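Presented below is the structure to which this report refers.
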Amino acid sequence: MEISVKQLPSGGFGYDFPTISITPLTFLELNQYLEQVPTDDPLGKYMFDIKVLERDDKKINDCYVMDVDFLIFFKKLITVSEDLSYQIEITCPECGKKIKKSISFDRDIHFKQIDPNIMKGARINLGGHVYETIVPTVNEFLKVFDRYLRYRSVTDLKMIKTIALIKGDYANQIEDDVLGAKHSDITLLMALRDLYYDRLEPIEVYCPECNRDKKGEERRSVAVSVDSLIVDFFRELYINSPIDGSKILFK
Ligand SMILES: [Zn+2]
């Protein structure tokens with residue numbers, strides 16, 4: 001299916017193509033995915049997911065990382081669900097009760113609004129150095145990522161993504177300034193991360209037990225991050241794509 005770049009978290013800012021093509025995994029591809037995905041290695045898994053998207057559309061390499069993170073989620077969603085809805089089960093942090101909720105793509109998945117000025121990047125002061133930030137495309141990100149895939153000096157994907165936001169010729173200095181950030185520099189990096197990567201609003205889930213007899217503002221929700229939903233996505237295929245009597249009839 002073709003997705004308009006306007007529907008992506010970046011709003012399609014600066015793209016010179018109107019759509020990106022994403023298809024659900026077939027049974028064969030899903031089996032290969034589950035067999036080959038490096039589950040215990042977040043860096044390898046991320047690279048693997050990018051390669052899977054690349055098979056659908058080479059333009060993925062020119063997409064911003066923020067959009068690719070969404071497209072990874074979207075491809076998994078259309079693989080497990082025909083109607084873009086998804087069943088989740090979370091544990092209420094207050095009472096420990098399991099809460100089931102059906103997530104609908106149109107109703108529950110929202111991006112934070114993006115400001116075109118933000119997409120043009122910024123000048124920042126970090127660790128006593130002045131840098132320009134970029135909104136990395138996959139191509140740009142992979143130049144930074146490659147070094148960590150090879151040497152593993154940093155294994156936290158979020159950290160590597162943060163390093164990739166900063167443009168400069170001195171890779172070691174940028175790495176030191178990010179990893180060694182203190183006080184307001186930490187706040188700055190968290191703000192950048194929030195602006196350029198965490199574009200999906202968390203999903204609000206209400207525990208029926210804890211909110212019994214409560215109305216309006218009294219009700220307290222649990223925020224579920226969409227990221228956390230992707231982890232074991234395919235295991236839930238059977239729950240999300242059940243078969244009915246029209247699919248199988250035993251003799
Ligand atoms: Zn509860």
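Quick note: the coordinates plus some simple rules give every number you see, no bench work behind them. Since this is a predicted model, take the numbers as computed values, not measurements. Glycine gets a Cβ as well: all are built from the backbone with ideal geometry, and neighbour counts include every protein chain shown.
The calculated FRET efficiency for the pair Lys158 and Ile243, based on their C-beta separation and a Förster distance of 41 Å, comes to about 0.60.
Axis angle, to the nearest 10 degrees, between helix 184-196 and the longest C-alpha principal axis of the chain: 50 degrees.
Across the cross-link table entries Lys101/Lys214; Lys45/Lys97; Lys45/Lys143; Lys45/Lys75; Lys76/Lys167, which are compared at the Cα atoms, the separations over 21 Å belong to Lys45/Lys97; Lys76/Lys167. Other residues whose C-beta falls under 14 angstrom from the C-beta of Ser153 contribute a net charge of -1, scoring Lys and Arg +1 and Asp and Glu -1. Taking the alpha carbon gyration tensor of segment 116-196, multiplying each eigenvalue by 5 and rooting it gives semi-axes of 18, 16, 12 Å, largest first. Assuming charge only on the beta carbon of Lys and Arg (+1) and of Asp and Glu (-1), the dipole of the chain about its Cα centre is about 320 debye to the nearest 20.
Projecting the Cα positions of Ile166, Val130, Asn240 onto the charge dipole of segment 109-251 (unit charges on Cβ atoms of Lys, Arg, Asp and Glu, taken about the Cα centre) puts Asn240 furthest along the positive direction. Listed by chain and number, the aspartates and glutamates whose C-alpha is less than 15 Å from the C-alpha of Lys100, apart from same-chain residues fewer than 8 away, are Glu89, Asp108, Glu204, Glu209, Glu236. Plainly put, the chain has a radius of gyration that is 1.00 times its Kirkwood radius, both from alpha-carbon atoms, as the Rg/Rh ratio.
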